[in-house]
Protein chains: 2
Amino acid sequence: MISIFDQDLPRVEANFAPMSPLTFIERTAEVYPDRLAVVHGSLRQTWEDTYARCRRLASALQRAGIGKNDTVAVVLPNTPPMVEAHFGAPMAGAVLNAINTRLDAETIAFMLDHGEAKAVIVDPEFSLSVKKALALRKATTPLLVIDVEDGLFTGGSERIGSVTYEDLLAGGDAEFKWDLPGDEWDAIALNYTSGTTGNPKGVVYHHRGAALNAISNVLEWDMPKHAVYLWTLPMFHCNGWCFPWTVAARAGVNVCLRRVEAQAIFDAMRDHRVTHYCGAPIVHGMLVNAPAAMKEGVPAGVKAMVAGAAPPASMIEGMEQMGFDLTHVYGLTEVYGPATVCAKHEAWDALDIGERARLNARQGVRYHLERDVRVLDPETMQPVAQDGETMGEIMFKGNIAMKGYLKNPTATAEAFKGGWFHSGDLAVQYADGYFKIKDRSKDIIISGGENISSIEVEDVLYRHPAVLAAAVVAKADAKWGETPCAFLELKAGAEVTAEDIVAHCKQHLAGFKVPRTVVFGELPKTSTGKIQKFELRARAGSAQAIDI
Amino acid sequence: MISIFDQDLPRVEANFAPMSPLTFIERTAEVYPDRLAVVHGSLRQTWEDTYARCRRLASALQRAGIGKNDTVAVVLPNTPPMVEAHFGAPMAGAVLNAINTRLDAETIAFMLDHGEAKAVIVDPEFSLSVKKALALRKATTPLLVIDVEDGLFTGGSERIGSVTYEDLLAGGDAEFKWDLPGDEWDAIALNYTSGTTGNPKGVVYHHRGAALNAISNVLEWDMPKHAVYLWTLPMFHCNGWCFPWTVAARAGVNVCLRRVEAQAIFDAMRDHRVTHYCGAPIVHGMLVNAPAAMKEGVPAGVKAMVAGAAPPASMIEGMEQMGFDLTHVYGLTEVYGPATVCAKHEAWDALDIGERARLNARQGVRYHLERDVRVLDPETMQPVAQDGETMGEIMFKGNIAMKGYLKNPTATAEAFKGGWFHSGDLAVQYADGYFKIKDRSKDIIISGGENISSIEVEDVLYRHPAVLAAAVVAKADAKWGETPCAFLELKAGAEVTAEDIVAHCKQHLAGFKVPRTVVFGELPKTSTGKIQKFELRARAGSAQAIDI
């Protein structure tokens, strides 16, 4: 029998609408038309103007034949067109593919092909690499290339497209009547993982997840209306962790920034009374270590988010000295950027810096509107003991998880098996429910039945004065199954033997964790600077073990 | 051809979960277990304890055979069991029906019957009216009656149920594994409209809308984590406008309050450092008009929401003098309480109080996560001119609109016709997009083709020194179609003739708006104090017109 609460009470147009971050800019432009939306050099653009420009972009894309589920790629730094593309492309029904500007032409060509881009918007700084990518592209389908012009870019460049961004917008309709997606599950963005193994995977975001993650950002930061957000985090990283949509929801200000440099950041903070910014530890470290004179007059109470690695004690201390408030978040491309937060507690304020750093270095707890995040035993899918010692894999579940990998059902099914998104990060969970990453699951070494964290071994190697860079991988071993194999890049002029390294490790590590193999030489890295462990694993097979 | 963005990218358990405010308390209890959740007299209850009690309630209800889509009615003031019922009932899969405690036994009996309640939780203050209602109930199905005991209630009462609330919880499981709704469209609450005409209608809320309205509350108020919320607004009004769920999302504090009295409110504000509260104008007016001594030491910057009527200038001024920050919101039961807000602008601060009052008296713009609110011509369904003069009907669209009316498909279809929820409120819209209510559509009088706002005529009548209460309705007229008919309740000892009243109206109103009929006597009112215009419309037919 159908319940009375399910009878004659269907979803209709009046009581149901797809969730989408596109509604955020629409409301803000209506309610706060005259408020500042975008700052870039001397440019000051209101929300009314910004919304009109986004509608022009959407309209112009549609007039160019680009619509529902077509991919619009962009190779842009944090400039106004990048903000606008986050609304204009999906308002046309298209899917935004923000490409990492640091990538080489081959990788960009791969993405344009794999994502089946119909248009690409290019900043002058990257016109040469995109030009090469266009030549390398395999697809023969039409690709509309759009040149952004930016007076703040002073280097050399060349026009590679058929139209400039401003001319394109001039041909669009500022009153364009865009549609919400037919389904909130429709794609809004495509973000390639940087891929330390094989080809990058295309992570597809949907409107529902983008809206909910954007709101979770507000909830975590208690981010007020009209917050002033400085764009230190690249918008090509997980759509700037969804902050273009968050800032629109808050009727805030996007302070654009072509380059992440301490002077420019402090200047922007002073000039525009910045209240919020995000970045990897290197960004915050740069600010902490800047000369005192550079910091003068910077607003107090700036809120910062750090992701990518745990903030060390020195950084937390330095941020406190600047009067900044640091929040540690963690996530992956597959979960729209951060989907956990090391939520702080008032009681922590009274602790000493070492203890505060230890607590804040944890990856924390699920993000506000994410359904669940747990550390599970990947075999049994049961939660690990909350003892701070038992390792498991961090797994996510809920609306802040990708639609899946584009054109890769095998990888999608693998990532989602057992009803959870498998992060590949190994962690322990503490009594308070907070968890801390110990290693990547691929990077764990299992030797004689004991798990060895490659991160732990690398940390010890980095403490040796001769070591510039270190990577530890598993090497197959007839007796132990696997043993740790260390690859080391030495500092200029440093001289050290494998035996010295082993002796150093023995001082700091349990015997079974000490590398049985040490290889010196330059480490292979991706274009984004990540060490390619898959390459090292291949090399480890042929490396000569030493007897310890 | 299926798009690449729709291929092999389905909703699965890992990347999709129904939205529900139940996840809010779960996360808060996990992340902030020791923080204060509920204050009631000397009771201090943490979020961990509160969550455990909610799970006990859910478990106990299920053990009593109450589960999916069963109605759990409550007749409770703003006490801890009322907070807990907002989570415990839906965690059992049930639908919470919070009944207005001021209602008479007949109406309560109607609701228990119509909503098909399987359980009712009763505060001692209302045991007698519920006892009468139980006797009047037509249904013969089992009804579990649960008696709340509350040391803060000092009046007389009697046990009418088979179990006390605390005994029920003691029999429940604090570790109960509740399920999210199978579908976020599932019902979470049933709220009867107070109904000035005919029987009350049962408005059904779903989990999706409850979650989104709760978050919209956070967004509008910039409500920070750990806000301290004082329960001046009855939780039986649109589930306290969804604030039980909002406070859980913020890991805030519910400061309970059995009675809305100035001394108790100011005491609670001081004792618990209250940051937020809501109420009808009468609540704020009571605080503004309280003796100065009573206000001493009240925290500065308390944020208040007012709904139900526009705040007059004197109230805005009084609130400012107390250092309170007042936000005007508007909505109806059908849209989860407020679904528009008179969003304020910094530029307004510089205006004089008259102008500020005029701007803030408007019902404003759509709420954050509501899809759209417009003033439409109900005939053409086109937006009215934004000229502050052309009248139309306020209509809502989106996720913050009810599932529909329970067991009333005709009324549901009528309310949602044309793809919008018809509020029945007539308004004008200004150039800035803000709208202002002029009248209820049922209350508009059309005389000789001219619309007459009954509110406008009533406002004039209230200005006559002899008038205590006034209501104006349409009276059928052979010549004019309709004419205004005034019903007046006079102040004690006042003497005035119909001719005096008409003369007074002629001074202030256009001739066609002047009542042709004036009737003296007590006005019929509902149990909640609303004037029953449907009754007056019936009486108007036989009232004798005067010649003007």
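Position A:Gln263: other-copy label points at 6.8 nm, ordered by increasing distance, label point 7 Å along Cα→C-beta. Between amide H atoms placed 1.01 Å from N, distances below 5 Å from B:Gly337 occur with B:Leu332, all of them 5 or more places distant or on a separate chain. The Cα atoms of the range A:444-540 give a gyration tensor whose axes a ≥ b ≥ c have a/c of 1.5 or more with a/b no greater than b/c, which makes the shape oblate.
Judged by the gyration tensor of its Cα atoms, with axes a ≥ b ≥ c, the protein assembly as shown is prolate; a/c meets the 1.5 cut and a/b is the larger of a/b and b/c.
Shown for the range A:158-231 is the translational diffusion coefficient from the Stokes-Einstein equation, using the Kirkwood radius over Cα pairs, a temperature of 20 °C and a viscosity of 1.002 mPa s: 129 µm²/s. Think of the range B:273-421 as having a plus end and a minus end, set by charges on the Cβ of Lys, Arg, Asp and Glu; of B:Ala310, B:Gly398, B:Thr380, B:Gly398 sits farthest toward the positive end of this dipole. Applying 0.36 nm per residue to the separation of A:Met1 and A:Tyr430 and subtracting their alpha-carbon distance, the gain on full extension is 149.8 nm. Let me have the relative contact order for chain A, percent, based on Cα pairs under 8 Å that are six or more residues apart. Relative contact order of chain A: 10 percent.
Of the GluC sites (Glu not before Pro) found in the range A:359-441, the ones in coil according to DSSP and having at most 12 other Cβ atoms within 10 Å of their Cβ are A:Glu379, A:Glu389.
Counting only DSSP beta bridges with both residues in the protein assembly as shown, the antiparallel share comes to about 60 percent. Our coupling estimate for the range B:265-282, obtained by passing each phi through the Karplus curve with A = 6.51, B = -1.76, C = 1.60 and θ = phi - 60°, is 5, 5, 4, 5, 4, 5, 5, 10, 6, 4, 10, 8, 7, 10, x, 6, x, 4 Hz, Gly and Pro reported as x. Other residues lying with their Cβ under 13 Å from the Cβ of B:Gly448 contribute a combined charge of 0, Lys and Arg counting +1, Asp and Glu -1. Axis between A and B by rotation; chain A residue with nearest Cβ and distance in whole Å recorded as A:Ile215, 3. Relative to its Kirkwood radius, the Cα radius of gyration of the range B:491-548 gives an Rg/Rh of 1.00. In a simple Cβ point-charge model (Lys, Arg +1; Asp, Glu -1; nothing else charged), the protein assembly as shown has a dipole of about 780 debye relative to its Cα centre. Here chain B carries DSSP beta bridges of which approximately 60% are antiparallel, counting only pairs with both residues inside. Could you tell me the number of lysine pairs in the range A:259-413 with C-alpha atoms less than 23 Å from each other, where the two lysines are 8 or more residues apart or belong to different chains? Lysine pair count for the range A:259-413: 4. Under the classification rounded if a/c is under 1.5, otherwise prolate if a/b is larger than b/c and oblate if not, where does the range B:120-268 fall, given a ≥ b ≥ c as square roots of the Cα gyration tensor eigenvalues? Note, shape of the range B:120-268 comes out rounded.
Shown for B:Arg102: label points 7 Å from Cα along the beta-carbon vector, and their distances to the equivalent points in the other copies, 6.3 nm in ascending order. Helix B:127-136 sits at what angle to the longest principal axis of chain B, using alpha carbons and giving 0 to 90 degrees rounded to 10? The two axes meet at around 80 degrees. Converting phi to 3J(HN,Hα) with the Karplus coefficients 6.51, -1.76 and 1.60 and the offset θ = phi - 60°, the range A:241-247 yields 6, 6, 6, x, 6, 4, 4 Hz in sequence order, with x at every glycine or proline. Distances from B:Ala139 to the same position in the other copies: list them in nm, one decimal, shortest first, using label points 7 Å from Cα along Cα→Cβ. Sorted ascending, the copy-to-copy spacings read 5.8 nm. Along the axis of the charge dipole computed for chain B (Cβ charges of +1 for Lys and Arg, -1 for Asp and Glu, origin at the Cα centre), the listed residues B:Asn100, B:Phe416, B:Ala290 are led at the positive end by B:Asn100. In a fully extended conformation the segment linking A:His226 and A:Lys479 would gain 84.8 nm over its present Cα-Cα distance, using 0.36 nm per residue.
Under 5 Å between amide hydrogens, built in the peptide plane, is the criterion, and for B:Val302 it picks out B:Asp325 among residues at least 5 positions away or on other chains.
Near the amide H of A:Thr517, within less than 5 Å, lie the amide hydrogens of A:Ala486, A:Ile546, all on another chain or at least 5 residues away, with H placed in the peptide plane. If only the Cβ of Lys and Arg carry +1 and only the Cβ of Asp and Glu carry -1, the dipole of chain B around its Cα centre is close to 620 debye.
Computed on the Cα atoms alone, the convex hull of chain A gives a volume of 192 cubic angstrom per residue. How do B:Cys54, B:Cys238 rank when sorted from fewest to most other Cβ atoms within 10 Å of their own Cβ? Arranged by neighbour count, lowest to highest, B:Cys54, B:Cys238 become B:Cys238, B:Cys54. Computed from backbone phi, the HN-Hα couplings of the range A:72-86 come to 10, 8, 9, 10, 9, x, 7, 10, x, x, 5, 4, 5, 4, 5 Hz, rounded to whole numbers (Karplus: 6.51 cos²θ - 1.76 cosθ + 1.60, θ = phi - 60°; Gly and Pro given as x). Any chance you could give the angle, 0 to 90 degrees and rounded to 10, that helix A:105-114 forms with the longest Cα principal axis of chain A? Relative to chain A, helix A:105-114 is tipped by roughly 60 degrees.
Laboratory data are not the source of any read-out in this text; all were calculated from the coordinates shown. Just so we're clear, the structure is a prediction, and the values are computed from it rather than from any experiment. Glycine also receives a Cβ, built like all others from the backbone with ideal geometry; neighbour counts cover every protein chain displayed.
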